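These notes are about the structure you will find just below.
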Amino acid sequence: MDVLHFLFGVFGNATALFLFLAPTITFKRIIRSKSIEQFSGIPYVMTLLNCLLSAWYGLPFVSKNNVLVSTINGAGSAIETIYVLIFIIYAPKKEKAKVLGLLTLVITIFTGVALVSLFALHGNARKLFCGCAAAVFSIIMYGSPLSIMRTVIKTKSVEYMPFFLSLFVFLCGTSWFVYGLLGRDPFVAVPNGVGCGLGALQLILYFIYRNNKGEAKKPISTHSLEIGPGKVHQEKKLVANGSHDERV
């Protein structure tokens with residue numbers, strides 16, 4: 001049981017790392033053009049909060065046998081911080097102020113959760129408090145693709161829902177779901193069970209509409225899907241002159 005628990009945790013780390021690195025194409029584009037164009041920085045700031053809370057929850061003095069949760073979410077926190085900093089550097093003043101304000105709120109929330117759990121709570125109460133906070137934001141992040149799924153159904157095209165991202169959302173959610181079940185940890189199992197289900201729905205939609213990929217012929221405003229572990233990045237992209245932006 002312990003070996004399986006560890007193996008699913010390692011597999012979860014691998015799939016989650018892929019999802020964390022998925023937006024690098026977007027940020028290469030931002031750096032190259034020195035502009036954020038139509039991209040939104042909000043998903044990255046919110047994913048940073050999710051990673052911070054999940055990394056904190058996985059620490060041994062909060063929950064036992066969840067070090068692998070801390071390792072991948074600690075890495076995710078570092079990666080998301082880089083994304084947010086790049087976004088702030090190239091964002092116009094109005095967008096920069098909005099993202100900085102949200103980043104301040106995120107840091108405040110995480111600091112509050114950490115301080116309360118350290119000095120006001122102990123034992124199971126600490127685990128319950130931190131676990132609920134991490135689980136809520138994980139479910140919110142996994143729920144982000146609902147918008148792009150609605151777009152796929154409406155347009156009957158998977159042009160902006162890449163197969164491999166959907167696949168890795170499913171694999172990541174499934175691996176951490178099983179990890180949580182084996183470790184009897186509902187704060188890991190429940191949100192990732194939601195992620196597993198949503199990932200499966202994305203794959204079903206992909207196979208239903210896969211033959212319609214790329215059929216859109218007129219300029220449209222749409223959403224592109226980018227994923228982070230235990231969570232999903234959703235960004236606005238402007239499609240002009242019948243062509244679309246770079247995407248994963």
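The values are calculated or read from the model by the stated rules, or taken from the named source; none is laboratory data. In this text, all values refer to a predicted model and were calculated from it rather than measured experimentally. With ideal geometry, Cβ positions are generated from the backbone for all residues, glycine too; neighbour counts draw on all protein chains shown. Protein only, heavy atoms only, side chains kept; ligands, DNA and RNA dropped before computing areas. Shrake-Rupley method; radii C 1.70, N 1.55, O 1.52, S 1.80 Å.
Tabulated data
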| read-out | value |
| --- | --- |
| Among the residues listed as 135, 189, the single one being surrounded by 22 or more Cβ atoms within 10 Å (Cβ to Cβ), among the aliphatic types (A, V, I, L, M) and in a helix (DSSP H, G or I) | 135 |
| Residue identified as closer than 26 Å to residue 177 by Cβ and surrounded by fewer than 16 Cβ atoms within 10 Å (Cβ to Cβ) among 43, 60 | 60 |
| Subset of the range 6-21 that is hydrophobic (A, V, I, L, M, F, W, C) and open to solvent by less than 10 Å² (accessible area, probe 1.4 Å) - its residue that is farthest from residue 83 (Cα to Cα) | 16 |
| Sole exception among (1) among the hydrophobic types (A, V, I, L, M, F, W, C); (2) in contact with a helix residue (DSSP H, G or I) (Cβ under 9 Å, 6 or more places away or on another chain); (3) modelled with pLDDT of 95 or more for residue 115, by number | (2) |
| Tally, over the range 189-236, of residues that are modelled with pLDDT of 85 or more, of a type outside the set (A, V, I, L, M) and farther than 29 Å from residue 135 by Cα | 2 |
| Test: residue 166 is closer than 22 Å to residue 52 by Cα, open to solvent by less than 20 Å² (accessible area, probe 1.4 Å) and part of a helix (DSSP H, G or I) | no |
| Hey, residue 158 farther than 22 Å from residue 46 by Cα and not in a helix (DSSP H, G or I) or not | yes |
| Lone unmet requirement of (1) in contact with a helix residue (DSSP H, G or I) (Cβ under 8 Å, 6 or more places away or on another chain); (2) surrounded by 16 or more Cβ atoms within 10 Å (Cβ to Cβ); (3) of a type outside the set (S, T, N, Q) for residue 148 | (1) |
| Inter-residue pairs, beta-carbon under 7 Å, first among the basic types (Lys, Arg) and in the range 135-156, second at pLDDT 85 or above, 6+ apart | 156/209 |
